[in-house]
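Worksheet: one structure, shown below.
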């Protein structure tokens, strides 16, 4: 039986992060979106201006019996460098 947990990972751009998590066995669903920010209903073009305060994020639904959270962290840190521009 599947157990479903959720996790959110934020990076400068969600496209690559979402693509990599889609490849991980045990990740059941990914959804790109935005978190935080000062304006309601900001779209992708708005957020890309850097003026809304939003972060691009990926919401994961995963089965911790198939993929432990530590593995998700390992994937994230292997593709994301927080010292880069836009973190």
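Taking the criterion of being out of contact with any strand residue (DSSP E or B) (no Cβ under 6 Å at 6 or more places or on another chain), assigned to a loop (DSSP other than H, G, I, E, B) and exposed (fewer than 13 other Cβ atoms within 10 Å of the Cβ), would at least one residue in the stretch 18-29 satisfy it?
Among the residues of the stretch 18-29, at least one is out of contact with any strand residue (DSSP E or B) (no Cβ under 6 Å at 6 or more places or on another chain), assigned to a loop (DSSP other than H, G, I, E, B) and exposed (fewer than 13 other Cβ atoms within 10 Å of the Cβ), which makes the answer yes.
Being in contact with a helix residue (DSSP H, G or I) (Cβ under 8 Å, 6 or more places away or on another chain), more than 24 Å from residue 1 (Cβ to Cβ) and surrounded by 15 or more Cβ atoms within 10 Å (Cβ to Cβ) is the requirement here; does residue 14 meet it?
no
Within the stretch 62-73, can one find any residue that is closer than 11 Å to residue 13 by Cα and either in a loop (DSSP other than H, G, I, E, B) or modelled with pLDDT of 80 or more (or both)?
no
For the subset of the stretch 30-42 comprising residues that are modelled with pLDDT of 85 or more and surrounded by 15 or more Cβ atoms within 10 Å (Cβ to Cβ), which member is nearest to residue 65 (Cα to Cα)?
Going through the qualifying residues, I end up with 30.
Scan (1) in contact (Cβ under 8 Å) with a residue 24 or more places away in the chain; (2) out of contact with any strand residue (DSSP E or B) (no Cβ under 8 Å at 6 or more places or on another chain); (3) outside any loop (DSSP other than H, G, I, E, B) for the single condition residue 56 breaks and write down its number.
(2)
The values are calculated or read from the model by the stated rules, or taken from the named source; none is laboratory data. Just so it is clear, the model here is predicted, and its values are computed rather than measured. Counting neighbours? That spans all protein chains shown, and the Cβs are built from the backbone with ideal geometry, glycine included.
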